[in-house]
Amino acid sequence: MSTHSARIEWRRDGARFTDNRYSRVHDWSFDGGARIAASSSPHVVRTPFSDPTLVDPEEAFVASLASCHMLWFLSLAAERGWTVDDYSDDALGHMGTAANGREMVAEVVLRPRVRFAGVAPPPDEFHAAHAEAHDRCFLANSVKSRITHEPVIEGDTDHA
């Protein structure tokens, strides 16, 4: 089994701390060298203590699930001989309350739009591939949030 790492760095930079009026801006670094500026969500911590222009953990969670699903779908499409030209997903994460009363990302809705070269696969095969991508996604298998899919085929769907 593989191991995946991320380094999270935050500094107080002289701000008061115990009054809760400190910046939540921090950096994420990954083993391949990528660095991402991050912050708490402005829905959780008001500005100026959060920065709405940066990635927040909830957005990253939704993006990670959407990315995992996409990567599995592309692999399955290639396996089936389908050539995908474009894939985009305007995924949404909905906050909710868990049974224990704590806030959580209760649902993630993946809304992939897929355009194929030539004629797209039949809708039943397309949806079955998305269901399999969901089943094979490591992240989807790791969370208790409900994950739904609303995939759309773009382009030529003439199977006559």
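Give the stretch 77-91 a look and list any residue that's farther than 19 Å from A131 by Cβ and part of a strand (DSSP E or B), or say none. Once the filter is applied, which keeps residues that are farther than 19 Å from A131 by Cβ and part of a strand (DSSP E or B), the stretch 77-91 yields D85, D86, S88. When the stretch 111-145 is filtered for residues that are open to solvent by less than 50 Å² (accessible area, probe 1.4 Å) and either part of a loop (DSSP other than H, G, I, E, B) or in contact with a Pro (Cβ under 8 Å, 6 or more places away or on another chain) (or both), the ones remaining, listed by number, are P112, V114, A117, A120, P121, P122, F126, A129, H130, C137, V143, S145.
Of everything in the stretch 11-48, what is acidic (D, E) and part of a loop (DSSP other than H, G, I, E, B)? Give them in sequence order.
Residues of the stretch 11-48 acidic (D, E): 13, 19, 27, 31.
Result: D13, D19, D31.
Do we find that D51 is more than 16 Å from the chain's Cα centre (by Cα), assigned to a loop (DSSP other than H, G, I, E, B) and modelled with pLDDT of 95 or more in this structure? Yes: the conditions hold for D51.
The values are calculated or read from the model by the stated rules, or taken from the named source; none is laboratory data. Just so you know, these numbers come straight off a predicted model, no measurement behind them. Glycine gets a Cβ as well: all are built from the backbone with ideal geometry, and neighbour counts include every protein chain shown. Ligands, DNA and RNA are stripped out before the accessible areas are found, and what is left, the full protein with its side chains, is counted by its heavy atoms. Shrake-Rupley method; radii C 1.70, N 1.55, O 1.52, S 1.80 Å.
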